[in-house]
Structures are given as structure tokens and as C-alpha cells.
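Everything on this sheet refers to the single structure shown next.
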Amino acid sequence: MDFHLTEEQTMLQKMVRDFAKEKVAPEIERMEREHRFPKELIGEMAELGLLGIPIPEEYGGSGMDFISYVRTIHELSKVSASLGVILSVHTSVGTNPILYFGTDQQKQYYLPKLASGEFLGAFALTEPSAGSDASSIKTRAKRDGDHYIINGAKVFITNGGHADTFITFARTGEGSTGLSAFILERNTPGLEIGKEERKMGLNGSSTVPLTLENCRVSKTQLLGNEGDGYKIAMKNLHVGRIGIAAQALGIAEAAVELATDYAKERQQFQKPIAANQGIAFKLADMATAAEAASLLTYQAASLVQEGVSCSKEVSIAKMFASKTAVKNAIEAVQVLGGYGYTEDYPAERLFRDAKVTEIYEGTNEIQHMVIAKELLKK
């Protein structure tokens, strides 16, 4: 693994950092207070080419590598975890399934729109009774001539309130081989987008339920072949988990920076609280854990980029980075004391945003199962 960024990656990192500092940071309070989806910021991200970083230039993307994409989520999430997950979901599970499994016609039509920001992507897998167990999906798609009729319900759809396309999973048969994937557009008759969920954190992101009632879609909207749904879901969740690891890493590092800066300035007993061993050691542990999370995340990202089988490494990165985000956010609140518990400082937001990284794109319990399964193969 090469620990040095290329010149192109370094330039991208600086661009994203500047954008996050100058454009995103001033909007954080409004996003939090109003639970406001940052349409204007997403538009600016699209203009910078950030919505199509790993998409080939022939489809209107930036044609950059996977590490660059992960670095972008990482840097955005230091300032806004909401924007980090919007980008992650749009790309990893909202766009990549079409790149990996789409027909030439599907690629030519959808990828340029998604890469340019004309379309925002979402991923509709989770249901009221099917989350970690994707094989329990009950939504059904019945063939009707040259169309499919889809009926069912989805929940917790990130980007859903503003998405233009939904990679939607429905049962066309039984068992894991009976799952199929479809590209549904926002205006599909019978697709109803529910009200925004009021969440603990990520107040700038959109999370909604979907109802599918006699949705009639052309067979040309089938992604891959009938029965490919489980394979499509697992391949793209595998990539998506790296995006969430990068999001968690951004939160973890932001917590270190916030706690360290505060500890240097806050005076108690005529000296900065950082001079107290109890606080200094806490900062050291936070920084060590964040550094370890970074190494694990970029090791897994490099393996994905090389096309190497790495289920274990991806799950380790996602699990460790998310645990670190939660622990570092809690410690940041502790270092800031009473101020950390108020909305005047970002520590409480970091804590609220961090928790969900242990839940979505595969709970940490699922990551334990994946890791153990890979270990026991040997």
C-alpha cells in the first residue's frame, strides 16, 4: 500500500477542504436547525465534478480513482457528515450498480445524468421486515408482457426525498436467487415518496419511506438479469461500506481536532486543561484510534481499487472506523464538559452523527459475522 497521495489526489483533497471550509461550514447551523437538505451545496459539488469522481469520462464522470472518491467523503465528513453520506449513497449504491450491471442503453442514459448532478441517486433495499437479512424482502415484481408490476414498501431510503432514481429491489422468484433489481425514476406511476424521517443526527440528509403500489415499469428498467438482485446488492454494499468508513473517519478526526483545540485554550487551575494527564492521555487515545481507522480504511480502499477480494478488510474498516467515530465523539463531549453538551459547539452534533455509522450499510453485528466467516474459511 502506498501511503502517499498522488499529485492529482492532493489537488482534489485541497479543493474539497477549501469547499468544505468556505461553502459547507457556514451552512451547518441552518442544516441542523431546519433539517434542511443542502440542494445548493450539492449543485456546487456537481459543478466541481464530485458527484461522478469514479465514473469513467466516457459517461460524463471525472474518471478518477477509488481512493480519490474515498478521500472526498472523508474530507467532506470532517465538516458535514450529512454531505458525506449524500455523496456516498449517490455514488456507491445509487450510481455504481448501473455502471457495473447496466446495459449499454442504461449506462448511456443514466450515468451522465448522475455524474453531472442532473439526477441524484438512491438505493431502495431496506424494508420494514428486511434490513440486515436482504433475503427476507417481500416487495414483489410480477412480469406483465413487456413490463413489471411492482408492489411493496421500503424504509430508511437515504437521499430518497430528493432522488431522481432509485435502485430498487423486488422479488421475482424465491430465495436469494429470486431477487431482482430495477431502476425506478421518481415520476414512476405508483411510486409514493413518504414524509421525511426526523432523525437523531445527519439532519442535512434526507431519509424517507417508499410505497410501491402497482408500479408499472418497462422490462428495460431491469438491472442485470432476473435473479441478479442479491449479487448486485452485495457487490455495491461492499463498496458502500468503505464510503461509510470514510464518513466515520471524518467524524473521528473532527472530534480529535475539536477536543485538542479546546483543551489547549480552556484554562482551569491556572493552566490549560491539556496540561492535565487525564485530558492529555484522552487526546492521545483519540488520535491513535483515528490514525488506526485511517490506515484500515485506506488499506481496504486500495484493495477495492485493485480489484482484490477483500470482504474481511472492508468489514474491519467499517466496523473499526464507526466504533472510533462514536467513541471519539463521546470523548470530545467529555473534554468540552458542559459546553460539549450544548449546541454552541459541534461536539454534540458529532456525537449524534456518529452513531448511525454503526448501523447503516450493514450493522456492526453484520460486520462481525462477515469477518468471522472469512476467518473460519481458513
**Q.** segment 211-252 - residue that is within 30 Å of A290 (Cβ to Cβ) and of a type in the set (K, R) and, of those, farthest from the chain's Cα centre (by Cα)
**A.** K235
Q: Just name the residue that is surrounded by the most Cβ atoms within 10 Å (Cβ to Cβ) out of those in segment 331-359 that are within 27 Å of G131 (Cα to Cα) and not charged (D, E, K, R).
A: T357
(Q) Quick check on my filter: what residues within segment 257-278 are part of a helix (DSSP H, G or I) and either crowded, with 23+ Cβ neighbours inside 10 Å or in contact with a Pro (Cβ under 9 Å, 6 or more places away or on another chain) (or both)? (A) L258, A259, A263, K264, E265
Q. Is it fair to say E58 is of a type in the set (D, E, K, R) and free of Cβ contacts under 8 Å to residues at least 24 places away in the same chain?
A. yes
Q: Might you let me know whether segment 83-103 holds any residue that is farther than 22 Å from V304 by Cβ, of a type outside the set (A, V, I, L, M) and in a helix (DSSP H, G or I)?
A: no
Q) Tally time: how many residues in segment 180-213 are free of Cβ contacts under 8 Å to residues at least 60 places away in the same chain, of a type in the set (A, V, I, L, M, F, W, C) and open to solvent by less than 20 Å² (accessible area, probe 1.4 Å)? A) 2
Q: Scan F119, F101, F156 and give me the residue that is of a type outside the set (V, I, T), at positive phi and touching a residue at least 40 places away in the same chain (Cβ under 8 Å).
A: F156
Q: Consider D133 carefully, then state whether it is among the acidic types (D, E) and touching a residue at least 40 places away in the same chain (Cβ under 8 Å).
A: no
Q. Out of (1) of a type outside the set (S, T, N, Q); (2) open to solvent by 10 Å² or more (accessible area, probe 1.4 Å); (3) not in a loop (DSSP other than H, G, I, E, B), the odd one out for G63 is which?
A. (3)
Q | Unique match (being touching a Ser or Thr at 6+ places or on another chain (Cβ under 9 Å), of a type in the set (S, T, N, Q) and part of a helix (DSSP H, G or I)) among Q367, Q305, Q299 | A | Q367
Q.
Name the single residue that is nearest to Q108 (Cα to Cα) among those in segment 119-131 being of a type outside the set (A, V, I, L, M, F, W, C) and surrounded by 13 or more Cβ atoms within 10 Å (Cβ to Cβ).
A. G121
(Q) Would you confirm, using the coordinates I've provided, whether V70 is in contact with an Asp or Glu (Cβ under 9 Å, 6 or more places away or on another chain), under 26 Å from L202 (Cα atoms) and of a type in the set (A, V, I, L, M, F, W, C)? (A) no
Q | Enumeration of residues in segment 317-364 that are part of a helix (DSSP H, G or I), charged (D, E, K, R) and within 22 Å of E265 (Cα to Cα) | A | E331, E348, R349
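One line per residue, one yes/no per condition, for (1) under 16 Å from A115 (Cα atoms); (2) surrounded by fewer than 11 Cβ atoms within 10 Å (Cβ to Cβ); (3) among the aliphatic types (A, V, I, L, M); (4) within 21 Å of the chain's Cα centre (by Cα):
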| residue | (1), (2), (3), (4) |
| --- | --- |
| I28 | no, no, yes, yes |
| E34 | no, yes, no, no |
| L50 | yes, no, yes, yes |
| I55 | yes, no, yes, yes |
Q. Taking segment 162-179 as the search range and keeping residues that are in contact with an Asp or Glu (Cβ under 7 Å, 6 or more places away or on another chain) and closer than 20 Å to L111 by Cα, which one is surrounded by the fewest Cβ atoms within 10 Å (Cβ to Cβ)?
A. D164
Q. Looking at segment 132-161, which of the residues that are surrounded by fewer than 20 Cβ atoms within 10 Å (Cβ to Cβ) and in a loop (DSSP other than H, G, I, E, B) is farthest from the chain's Cα centre (by Cα)?
A. G145
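The values are calculated or read from the model by the stated rules, or taken from the named source; none is laboratory data. Here the structure is a predicted model, which is why all the values come from computation and not from measurement. Positions of Cβ are backbone-derived with ideal geometry, glycine not excepted, and every protein chain shown enters the neighbour counts. The area values use the complete protein model at the heavy-atom level, side chains included, leaving out ligands, DNA and RNA. Shrake-Rupley method; radii C 1.70, N 1.55, O 1.52, S 1.80 Å.
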